[in-house]
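A quick write-up on the structure given underneath.
Where a number appears in this text, it was derived from the coordinates with a stated rule and is not lab data. What you are looking at is a predicted structure, and each value in this text was computed from that prediction instead of being measured. Methodologically, a virtual Cβ is constructed for each residue, glycine included, from the backbone with ideal geometry; neighbour enumeration extends over all protein chains shown.
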Ligand SMILES: [Zn+2]
C-alpha cells in the first residue's frame with residue numbers, strides 16, 4: 001500500500017510539473033501528444049504516433065502541410081489498376097526538388113517534408129557545409145507485392161518512397177549505391193540520414209537489409225516499426 005501511494009504521489013507530481021510547463025508554454029509542441037505534428041520541428045517520441053494519425057484524417061493531414069507552407073494539390077482517392085489509392089496529394093514545392101514527381105498518400109508526403117526539414121537539411125549543413133539541390137527517388141506508387149512474397153507492398157498504396165541519391169549545391173552527388181558504408185563524409189552523411197529517418201518513418205530499409213536495397217533507402221508509413 002505504501003509503495004502504491006508513493007507511485008500515485010509521484011505520478012501526480014509529474015502531472016503537476018508537466019501541466020505547469022504546459023501552461024507556461026515551455027514544452028515544445030512535438031512533446032505534446034495531442035498537438036498536430038509540426039513539420040518544421042525535430043521529431044520527438046510522439047512523432048510517429050502523430051504522423052500515424054494523419055493516415056486516418058485527410059483534412060488534418062492537409063492542415064499540417066498548410067501549416068508548414070507546402071505547395072501541393074489534393075487529389076483524393078483513385079483507382080490505379082488493381083490497386084486503390086486514398087488521400088492522395090501531389091507536392092508542388094517542399095524544401096527540395098525531386099528527380100521525379102512526388103504523388104503519395106498525404107501522410108507520407110507530410111513525413112517526407114518533416115524528413116527534409118529536420119534530417120536532410122541539418123545533416124547536409126553539418127557534413128558538407130552546403131545545402132541539397134535535388135533528391136533522386138526511384139518511385140513511390142507501384143501496384144505490386146513485396147519482392148518474393150504474397151504481401152502487398154506499401155508502394156501499392158503510395159505509402160512508401162525509395163530514396164537513391166542527394167545532389168549537393170556544389171554539384172557533388174551522394175548516392176546510396178556508391179557511398180553507403182564509405183569511411184568519409186558522404187558515408188557518414190548517409191548513415192546519419194538513415195538512422196535519423198527511423199525516428200520519422202515506421203519502416204526504414206537500407207543496403208544492410210538485403211541486396212534489393214543496395215541502391216536506395218526504402219521509407220514507409222506502414223504498421224510495423226522496422227529500421228534495418
Ligand atoms: Zn521501397
Say we join alpha carbon atoms closer than 10 Å with springs in a Gaussian network model of the chain; which of 106, 61, 83 then has the biggest fluctuation? 83
Histogram of C-alpha separations across the range 39-227, 5 Å bin width, %: 1, 8, 17, 22, 21, 17, 9, 4, 1, 0
Note to self: C-alpha centroids of the range 86-139 and the range 38-82 sit apart, in Å, by 13
As a check on your grasp of the helix formula, calculate [θ] at 222 nm for the chain: sum -39500 (n - 2.57) over DSSP H runs of n ≥ 4, divide by the residue count, round to the nearest 500. -10000 deg cm²/dmol
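Convex hull over the alpha-carbon atoms of the range 149-228: what's its volume per residue in Å³?
It is 97 Å³ per residue.
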Go ahead and set up a Gaussian network model of the chain, Cα springs under 10 Å, then flag whichever of 163, 32, 135 fluctuates most. 32
Which of the peptides 199-210, 62-73 is most tightly packed, and how do the rest follow, going by the mean number of other Cβ atoms within 10 Å of each residue? 199-210, 62-73
Highest GNM mean-square fluctuation, the chain, Cα pairs closer than 10 Å: which of 217, 84, 166? 84
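State the extension gain, in nm to one decimal, for the chain segment bounded by residue 100 and residue 125, taking 0.36 nm per residue of separation less the distance between their alpha-carbons.
Details: separation 25, 0.36 × 25 = 9.00 nm, distance 2.39 nm.
The residue 100-residue 125 span can extend by a further 6.6 nm.
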Label model pair residue 66, residue 12: point-to-point distance (7 angstrom along the Cα→beta-carbon line) in nm is 4.3
Explain nothing, just the number: relative contact order of the chain, from Cα pairs under 8 Å at least 6 residues apart, as a whole percent. 15
What is the distance, in nm, between label points placed 7 Å from the Cα along the Cα-to-Cβ direction at residue 73 and at residue 133? 2.8
Taking a spot 7 Å from the Cα of residue 40 along the direction of its beta carbon, which residues of the range 58-80 have an amide N less than 20 Å from it? 60-73
Grab the Cα-Cα distance for residue 185 and residue 152, subtract it from 0.36 nm times how many residues apart they are, and report the gain in nm with one decimal. 8.2 nm
